[in-house]
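The values are calculated or read from the model by the stated rules, or taken from the named source; none is laboratory data. Remember, it's a predicted structure, so these values are computed and weren't measured experimentally. Don't worry about glycine lacking a Cβ; one is built from the backbone with ideal geometry, like all the others, and counts go over all protein chains shown.
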Amino acid sequence: MVEHNYMDNLEESKRFMDSPRGRYIVAQALYLGIKALYLYPAPYNEVSNAMDMKDILDGVYSGMREMFEQTQPSLIPPDWMLEESKVTTGGKPVTPTSKAPSIDLLLSEVAGKSREITLAENKCMTCKGDAIEFKDALSFKEYQISGMCQSCQDTVFN
C-alpha cells in the first residue's frame, strides 16, 4: 500500500488555489453553486448559503462574477419555463428547436418521419397522436426538443 503524505497534498492544494487557474476554478464553483442553489424551491434553496457564497465571490474574487455572467450559460431557466399554466398550440405549426442537420437526419431515420413536419402538424414523434395541449411551458419546450406529446412525456419522465 502506498503511503500518502496528506500534509504535502494539502500544501500543494493551497498553492494551486492561490494560482490564477485555482482562483478561476474556485470562483467558477462559487458562481455555479449560487446559481444551482436558486434552482431548488424554498425551503431547500438555502438562500443564506447562496448569499454568503456571493459575498465570498464578490469579495475574494472581485470581478469574476461579472465575467461569468458574460461567459457562463445560465443554470436558471427563463421565467416562461417556470410558468404553471397550460400551454396550447392552438393548432398552429410548432417550430422545433434547432439541431445539427446530421442529428435531425438521424432522428428522421430512426422515427421514420421528419421532426419538423411532425411538429408543424402538431403530432407526436413517439405515439403519432395529437400534440396540442401541454401542462406547462416547460412541457411545451420539451415537445419542441423531443417531439413528444404530453402523454408520452408523462410516461417517459414520471
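Residue-wise test of (1) under 28 Å from A36 (Cβ atoms); (2) of a type in the set (V, I, T); (3) touching a His at 6+ places or on another chain (Cβ under 9 Å); (4) at pLDDT below 85.
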| residue | (1), (2), (3), (4) |
| --- | --- |
| P77 | yes, no, no, yes |
| E84 | yes, no, no, yes |
| L106 | no, no, no, no |
| I117 | no, yes, no, no |
| M125 | no, no, no, no |
| A131 | no, no, no, no |
| K141 | yes, no, no, no |
| I145 | yes, yes, no, no |
| C152 | no, no, no, no |
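Name the residue, out of A100, A120, A111, that is surrounded by fewer than 15 Cβ atoms within 10 Å (Cβ to Cβ) and under 20 Å from V156 (Cα atoms).
Working: A100 fails: under 20 Å from V156 (Cα atoms); A120 fails: under 20 Å from V156 (Cα atoms).
Just a single option satisfies the conditions, and that option is A111.
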So, first residue in the same structural domain as T71 (by TED's automatic domain parsing) and part of a helix (DSSP H, G or I) in region 22-39, second residue surrounded by 14 or more Cβ atoms within 10 Å (Cβ to Cβ) and among the small types (G, A, S), Cβ within less than 7 Å, six or more apart or across chains; the pairs are I34/A50; L37/A50
Among (1) under 24 Å from A36 (Cα atoms); (2) of a type in the set (K, R); (3) modelled with pLDDT of 90 or more, there is one condition R65 misses while meeting the rest; what is its number?
(3)
